[in-house]
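A quick write-up on the structure given underneath.
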Amino acid sequence: MQTLTTIADLRQQIHAWSQQGERIALVPTMGNLHTGHLQLVEAAKQHADRVLVSVFVNPLQFGDASGGDFERYPRTFEADRQKLVESGADLLFFPSQEEMYPAGVENVTRVEVPGISDILCGKFRPGHFVGVATVVAKFLNMVQPDVAVFGEKDFQQLLVIRRLAAELCFPVEIVGVPTVREVDGLAMSSRNQYLSAEERQRAAALYRTLQAAKERLVSGETDMAAIESDAEKILREAGFCPEYFTVCRADDLQPAAAADTALVILAAAWLGEARLIDNIQLQR
Ligand code: AMP
């Protein structure tokens, strides 16, 4: 597996692969790789001949009010590289901040997907999805992949990226991969390591609460407000500080009405120093 750090070198390699008629898959990450990320690599291998993984902790998506989240985000390059070698990725792209934002993070041209970027996580993390959309658009232009692979764990992000790709006419197929979980159901995340041992024991309550809400919906309940407020109460009792717990339409994340059939329940909640997000989809 090659590791490249400049856009020029990246383009040269991509060009060579394209000349040979090889399909290219892109897996963008912020590093600190776990089994969830490696599952994206597996999916990418099913869709392409060459798999390129980017590792870049993107300052633009953290926001001014992130309280040091960008600085403390775990950076584990050598371990990541080793995992990618073992996973069979072909190329690791590991650009510096200067390579990605030569005119400075403040001055970069931005990409905004309106509406969906301002609700749920976007409401609590202003500017976050502009940062995500901008960096993903840059990667899509640099790599020009046939396929780009993202996790359903970040469900809102996946929808932002689907709209970005469709509306800006990127000739790429966006593939979503189901959330990979720990044995007790906690969604794998780089931020789980901010949990103390005792919090880690309690953290799976987030997924259990999502499952309980799903069961109520599947069994025909239609009072979304009751389902949401019961769930928030359970989470508070388990020591979480919920930001939101909400039943939405799966296609546009608007509040679900009784007649909607394709649904997703999304939650974000703090547990100690960790902001956890998770979601569960359902049909009824
Ligand atoms: P991150 O490095 O956290 O920005 O995530 C990079 C990609 O991995 C995103 O597309 C995430 O949705 C995806 N991802 C992160 N955690 C998981 C997980 N537990 N299961 C599946 N995909 C994940």
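The values are calculated or read from the model by the stated rules, or taken from the named source; none is laboratory data. If you're wondering where the values come from, they're calculated on a predicted model, not measured in any experiment. Counting neighbours? That spans all protein chains shown, and the Cβs are built from the backbone with ideal geometry, glycine included. Just the protein is used for accessible areas: all its heavy atoms, side chains included, with ligands, DNA and RNA removed. Shrake-Rupley method; radii C 1.70, N 1.55, O 1.52, S 1.80 Å.
Anything in the stretch 138-155 that is surrounded by 21 or more Cβ atoms within 10 Å (Cβ to Cβ), more than 9 Å from the ligand (Cβ to nearest atom) and not hydrophobic (A, V, I, L, M, F, W, C)? List them, or say none.
Across the stretch 138-155, the qualifying residues are Lys138, Pro145.
How many of the residues making up the stretch 156-165 are over 11 Å from the mean Cα position of the chain (by Cα) and open to solvent by 10 Å² or more (accessible area, probe 1.4 Å)?
Final tally of qualifying residues: 2.
I need every pair where a residue in the stretch 21-46 that is on the phi > 0 side of the Ramachandran plot has its Cβ under 6 Å from the Cβ of a residue that is at pLDDT 95 or above, sequence separation at least 6 or different chains.
Between residues of the stretch 21-46 that are on the phi > 0 side of the Ramachandran plot and residues that are at pLDDT 95 or above, the close pairs are Gly31/Val55; Gly31/Asp80; Asn32/Pro74; Asn32/Thr76; Asn32/Ser190.
Give the number of residues within the stretch 183-210 that are touching a residue at least 12 places away in the same chain (Cβ under 8 Å) and open to solvent by 70 Å² or more (accessible area, probe 1.4 Å).
Of the residues in that region, 3 qualify.
Condition first: touching a residue at least 24 places away in the same chain (Cβ under 8 Å), more than 22 Å from Glu106 (Cα to Cα) and not in a helix (DSSP H, G or I). Now tell me which residues in the stretch 123-170 satisfy that.
Across the stretch 123-170, the qualifying residues are Gln144, Pro145, Asp146, Val147, Ala148, Val149, Phe150, Gly151, Leu168, Phe170.
Give me the residue from the stretch 173-182 that is closer than 21 Å to Glu22 by Cα and surrounded by fewer than 19 Cβ atoms within 10 Å (Cβ to Cβ) and, out of that set, nearest to the ligand (Cβ to nearest atom).
Val175
With the condition kept exactly as written, say whether any residue in the stretch 235-244 is in a loop (DSSP other than H, G, I, E, B) and at positive phi. Lay out the reasoning, then the answer.
Of all residues in the stretch 235-244, those in a loop (DSSP other than H, G, I, E, B) come to 238-240.
Right, trim to at positive phi and you get 239.
Yes, the stretch 235-244 contains a residue that is in a loop (DSSP other than H, G, I, E, B) and at positive phi.
For His37, state whether it is buried (at least 22 other Cβ atoms within 10 Å of the Cβ), more than 23 Å from Pro126 (Cβ to Cβ) and modelled with pLDDT of 95 or more.
yes
Confirm whether Gly68 is at positive phi and more than 9 Å from the ligand (Cβ to nearest atom).
So Gly68 passes the test.
Filter the stretch 4-17 down to the residues that are of a type outside the set (D, E, K, R), surrounded by 14 or more Cβ atoms within 10 Å (Cβ to Cβ) and either touching a residue at least 40 places away in the same chain (Cβ under 8 Å) or under 28 Å from Glu152 (Cα atoms) (or both) and list them by number.
Leu4, Ile7, Leu10, Gln13, Ile14
Any residue in the stretch 250-272 that is open to solvent by 40 Å² or more (accessible area, probe 1.4 Å), at pLDDT 95 or above, in contact with a Phe, Trp or Tyr (Cβ under 9 Å, 6 or more places away or on another chain) and farther than 26 Å from Gln39 by Cα?
Checking the stretch 250-272: at least one residue is open to solvent by 40 Å² or more (accessible area, probe 1.4 Å), at pLDDT 95 or above, in contact with a Phe, Trp or Tyr (Cβ under 9 Å, 6 or more places away or on another chain) and farther than 26 Å from Gln39 by Cα.
Among helices (runs of 4 or more DSSP H) lying entirely in the stretch 53-102, which contain 2 or more residues that are within 17 Å of Gly36 (Cβ to Cβ)?
Of the helices (runs of 4 or more DSSP H) lying wholly inside the stretch 53-102, those with at least 2 residues that are within 17 Å of Gly36 (Cβ to Cβ) span 77-87.
Which condition does Ile119 not pass, out of (1) surrounded by fewer than 18 Cβ atoms within 10 Å (Cβ to Cβ); (2) in a loop (DSSP other than H, G, I, E, B); (3) in contact (Cβ under 8 Å) with a residue 12 or more places away in the chain, if it passes all the others?
Every condition holds for Ile119 apart from (1).
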